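The values are calculated or read from the model by the stated rules, or taken from the named source; none is laboratory data. Note that the coordinates shown come from a computational prediction; the quantities given were computed from them, not determined experimentally. With ideal geometry, Cβ positions are generated from the backbone for all residues, glycine too; neighbour counts draw on all protein chains shown.
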Amino acid sequence: MDKKFNFELPHRKGVKPKTTPSNPHMQLDQQPEDRELVDKLMAWAFSLAYISKEYSKISVPGAQAMCMSQNKKCTHCNAFMIENEFAHFHPIPDGSMHLGLPIKDSKYVIENGWGEMHPLVNKGWLPPNFIMVYAPRTEEEIEVIKKIIYRSYEFASGEIKEN
């Protein structure tokens with residue numbers, strides 16, 4: 001696969017962004033002043049091997065989904081929201097994303113302030129490993145979010161197991 005990342009995350013600086021309490025689950029503030037930060041992160045994410053960029057089948061109109069090639073996707077994991085979609089980026093002005101991780105990793109991301117549980121988890125409509133990851137505000141935050149996306153990618157490919 002591609003470059004490996006150490007999955008140690010620093011604590012995200014600042015207060016948690018405001019988000020909607022139900023669907024559509026969106027980030028309402030703390031978006032980057034320059035949308036180029038999100039575009040740069042997306043360009044990196046969609047350059048990963050075995051990934052196609054498609055419109056999300058489960059998110060708001062305009063959301064861009066990371067879809068794992070059928071012949072590379074894990075068949076024994078809970079990494080996918082629908083079909084082969086394991087992550088998606090929300091359109092302007094949002095910039096946040098949803099993705100699947102092993103449960104231990106999703107808790108770790110939330111504890112360090114990089115995301116939150118999807119509100120549909122509390123209703124029992126999604127498993128607790130699907131989270132929102134907040135939009136990057138700086139170049140440094142892009143590097144941290146790459147680690148989270150790559151971990152989701154490894155999960156979706158079966159390279160790492162539920163922990």
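Of the residues making up the stretch 122-138, just one is hydroxyl-bearing (Ser, Thr, Tyr) and within 14 Å of the chain's Cα centre (by Cα), namely Tyr134. For the residues Lys147, Lys161, the requirement of being under 11 Å from the mean Cα position of the chain (by Cα) and more than 22 Å from Pro21 (Cα to Cα) singles out Lys147. Per this entry, Ile149 is counted among residues that are at pLDDT 95 or above and buried (at least 20 other Cβ atoms within 10 Å of the Cβ). Looking at Ile131, is it out of contact with any Asp or Glu (no Cβ under 9 Å at 6 or more places or on another chain) and either closer than 14 Å to Ala79 by Cα or surrounded by fewer than 24 Cβ atoms within 10 Å (Cβ to Cβ) (or both)? Here the answer is no, as Ile131 does not meet what is asked. Can you tell me which residue in the stretch 62-91 is farthest from the chain's Cα centre (by Cα), limited to those that are assigned to a loop (DSSP other than H, G, I, E, B) and small (Gly, Ala, Ser)? Here the answer is Ser69. Of the candidates Glu111, Glu154, Glu141, the single residue that is touching a residue at least 60 places away in the same chain (Cβ under 8 Å), under 18 Å from Thr19 (Cβ atoms) and over 10 Å from the mean Cα position of the chain (by Cα) is Glu141. Annotation note: of Ser56, Ser96, the sole residue that is within 23 Å of Arg12 (Cβ to Cβ), of a type in the set (Ser, Thr, Tyr) and buried (at least 20 other Cβ atoms within 10 Å of the Cβ) is Ser96. Of all positions in the stretch 130-144, none carries a residue that is more than 23 Å from Pro10 (Cβ to Cβ) and either among the β-branched types (Val, Ile, Thr) or assigned to a loop (DSSP other than H, G, I, E, B) (or both). Among the residues making up the stretch 103-128, a single one is modelled with pLDDT under 95, in a loop (DSSP other than H, G, I, E, B) and in contact with a Phe, Trp or Tyr (Cβ under 9 Å, 6 or more places away or on another chain): His118.
Reported count of residues in the stretch 97-143, each being out of contact with any Ser or Thr (no Cβ under 8 Å at 6 or more places or on another chain), among the hydroxyl-bearing types (Ser, Thr, Tyr) and under 19 Å from His25 (Cα atoms), is 1.
A quick yes/no check of all residues on (1) surrounded by fewer than 23 Cβ atoms within 10 Å (Cβ to Cβ); (2) farther than 11 Å from Ala135 by Cα; (3) in contact with a Gly (Cβ under 7 Å, 6 or more places away or on another chain):
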| residue | (1), (2), (3) |
| --- | --- |
| Lys18 | yes, yes, no |
| Pro21 | yes, yes, no |
| Met66 | no, yes, no |
| Thr75 | yes, yes, no |
| Ala79 | no, yes, yes |
| Ser106 | no, yes, no |
| Val109 | no, yes, yes |
